[in-house]
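Here is the structure we will look at.
The values are calculated or read from the model by the stated rules, or taken from the named source; none is laboratory data. Just so it is clear, the structure is predicted and the values come from calculations on it, not from any experiment. Neighbour counts are summed over all protein chains in view; Cβ atoms, including those assigned to glycine, are modelled from backbone coordinates with ideal geometry. Side chains are part of the model used for accessible areas, which takes the heavy atoms of the whole protein and leaves out ligands, DNA and RNA. Shrake-Rupley method; radii C 1.70, N 1.55, O 1.52, S 1.80 Å.
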Amino acid sequence: MVATPIGNLADISLRALHVLSVCDTLACEDTRHSQTLLRSYGIERNSNHWLAVHQHNEAEAAAQVIARLAQGERVAYVSDAGTPAISDPGARLVAAVAAAGYRVMPLPGASSVTTLLSAAGVVGEGGFVFTGFLPSKAAERQRTIETLSGEPRAVVLLEAPHRIEALAQALNMLG
């Protein structure tokens with residue numbers, strides 16, 4: 001599980017670059033995005049190197065990852081930005097690989113959640129609550145926000161850029 005930059009390409013670790021350059025298979029959320037990312041660091045791979053593992057095929061693709069691991073391959077997984085399996089695909093892959101008896105090794109890196117919290121000054125002794133993405137359906141979203149309104153700790157939400165305005169309007173009830 002290799003964390004990738006969440007905006008600035010310089011936010012990748014040397015360890016991540018090493019793993020990406022030596023792995024036999026790169027499983028990734030979007031092969032086109034990951035090819036562009038690797039080329040930015042001067043890493044080129046042939047078509048046999050890539051394996052798409054995204055939210056629509058994660059369960060099936062996990063079987064392919066396990067088969068490659070069984071053949072002795074080194075497999076790395078990246079999502080499009082940030083740490084895999086944190087509001088990105090990867091959690092089902094991790095569970096399947098671990099259930100098959102293989103070790104899952106996380107490589108730390110850029111995290112939008114901890115980056116935000118480090119500069120926000122809102123986390124006290126109670127910690128924080130990471131909610132991730134709210135439901136997309138309005139009624140479910142409203143119920144979730146009402147539930148969060150009583151939360152005394154800092155609440156971290158994620159949202160796609162094109163839905164920020166709608167999220168701000170939905171959160172308006174919190175003041």
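For this structure, a couple of remarks:
- Of Ser21, Ser149, Ser111, the one that fluctuates the most in a GNM where the chain has Cα springs shorter than 10 Å: Ser149
- From largest to smallest, the equivalent ellipsoid semi-axes obtained for segment 26-77 from the alpha-carbon gyration tensor read 20, 14, 7 Å.
- What the Cα convex hull of segment 52-143 gives, in volume per residue, is 150 Å³.
- The distance from the alpha carbon centre of segment 130-175 to that of segment 85-104 is 27 Å, rounded to a whole number.
- A viscosity of 0.692 mPa s and a temperature of 37 °C, combined with the Kirkwood radius over Cα pairs in Stokes-Einstein, give a translational diffusion coefficient for segment 126-172 of 295 µm²/s.
- Per-residue Karplus couplings for segment 38-54, computed as 6.51 cos²θ - 1.76 cosθ + 1.60 with θ equal to phi - 60°, are listed in order as 5, 4, 4, 9, x, 9, 10, 9, 7, 5, 5, 6, 9, 9, 6, 9, 10 Hz, Gly and Pro entered as x.
- Under the Debye formula (equal points on every Cα, no solvent term), log10 I(q)/I(0) of segment 1-99 at q = 0.13, 0.19, 0.25 Å⁻¹: -0.39, -0.86, -1.50
- Solvent accessible area, Å² - Ile86, 1.4 Å probe, full protein context: 80
- Modelled label reach - Ala139, point 7 Å along Cα→Cβ, segment 157-175 residues with backbone N closer than 19 Å: 170
- About the centre of its Cα atoms, segment 1-86 shows a dipole size close to 220 debye [charges on the beta carbon of Lys, Arg (+1) and Asp, Glu (-1) only; nearest 20 debye].
- If the Kirkwood radius is taken over C-alpha pairs of the chain, then at 37 °C and 0.692 mPa s the Stokes-Einstein diffusion coefficient equals 184 µm²/s.
- Per residue, segment 74-171 exposes 59 Å² of solvent-accessible protein surface, assessed with a 1.4 angstrom probe and all protein chains in place.
- Protein accessible area in segment 1-110, 1.4 Å probe - carbon and sulfur %: 53
- Of the chymotrypsin sites (Phe, Trp or Tyr not before Pro) in segment 100-173, not one is in a loop by DSSP (not H, G, I, E or B) with at most 12 other beta carbons within 10 Å.
- With the alpha-carbon atoms of segment 75-120 aligned to their principal axes, the span from lowest to highest coordinate is 40, 15, 15 Å, starting with the largest.
- Among Ala138, Ala95, Ala76: highest mean-square fluctuation, GNM of the chain, C-alpha pairs under 10 Å: Ala138
- As a length-normalised measure over Cα pairs under 8 Å and 6 or more apart, the relative contact order of the chain settles at 24 percent.
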